[in-house]
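Read the structure below first, then the notes.
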Amino acid sequence: IKRYAAEGTTESLTACARFLTSAPQPHQRKMLIALHEGLKLAEAKTSFGPRPGTLFDQFAAKRSTTTSKKKRFQTIPAALKTAFKQYADKTTTDPLITRLAIRLGDVGAHDRAVAIAVNSSVPQSTRLAMLDVLDSLGRRRCVSPVLKLAVADGPEPVRLAAMNVLDR
């Protein structure tokens, strides 16, 4: 499933949906982890070949001075969104489920991650997990509440994690 998700095409993501729906219960978590890792790889793809500034660039003939950026995904197929819905509880505090929901375009998942991160009555470990999610996938609208969290009187690990989110 990781390889299919990393491809990032509509067809490969539809195949991921079929894998998710057919996975036996004991293997579903592993499938979700593989899906997450593959989607992360798909987002990271920017160009093929060596990175600019390497020895390769100093000695090899250059073909082009522009690098092409790959789109995040062609489109998230409805089949994958539907297959994932069985895991995406609106009250979840599972960072993996939250990350996947955000990667699959669930705006509400992002807002829930922010709400959990800033809620002082939530256990610190859960807040830190959500701040980690926001550190990698946070959008602009999380800046204001996370900034308030970073400057508020609260546990130092939470404040430091909030500052990491703001540093992106």
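Observations
- Filtering region 53-100 to residues that are open to solvent by less than 50 Å² (accessible area, probe 1.4 Å), more than 15 Å from the chain's Cα centre (by Cα) and either at pLDDT below 90 or among the small types (Gly, Ala, Ser) (or both) leaves Thr54, Asp57, Ala60, Ala79, Ala83, Tyr87, Thr92.
- Identity of the residue in region 13-27, under 20 Å from the mean Cα position of the chain (by Cα) and open to solvent by 30 Å² or more (accessible area, probe 1.4 Å), that ends up farthest from Lys2 (Cα to Cα): Thr14
- Check on Arg159, surrounded by 19 or more Cβ atoms within 10 Å (Cβ to Cβ), among the basic types (Lys, Arg) and without any contact (Cβ under 8 Å) to a residue 60 or more places away in the chain: no
- Residues of region 28-43 that are open to solvent by less than 70 Å² (accessible area, probe 1.4 Å), under 14 Å from Tyr87 (Cα atoms) and free of Cβ contacts under 8 Å to residues at least 60 places away in the same chain: Gln28, Met31.
- If only residues of region 101-112 that are among the hydrophobic types (A, V, I, L, M, F, W, C) and in contact (Cβ under 8 Å) with a residue 24 or more places away in the chain are counted, the one that is surrounded by the most Cβ atoms within 10 Å (Cβ to Cβ) is Ile102.
- If the condition is being in a loop (DSSP other than H, G, I, E, B) and in contact with a Lys or Arg (Cβ under 9 Å, 6 or more places away or on another chain), then region 114-152 contributes Asn119, Ser120, Gly138, Ala152.
The values are calculated or read from the model by the stated rules, or taken from the named source; none is laboratory data. This one's a predicted model, so the numbers in the text were calculated from it and none came from an experiment. Quick reminder, even Gly has a Cβ in these numbers, built from the backbone with ideal geometry, and neighbours come from all protein chains shown. For accessibility, only protein heavy atoms count, side chains too; no ligands or nucleic acids. Shrake-Rupley method; radii C 1.70, N 1.55, O 1.52, S 1.80 Å.
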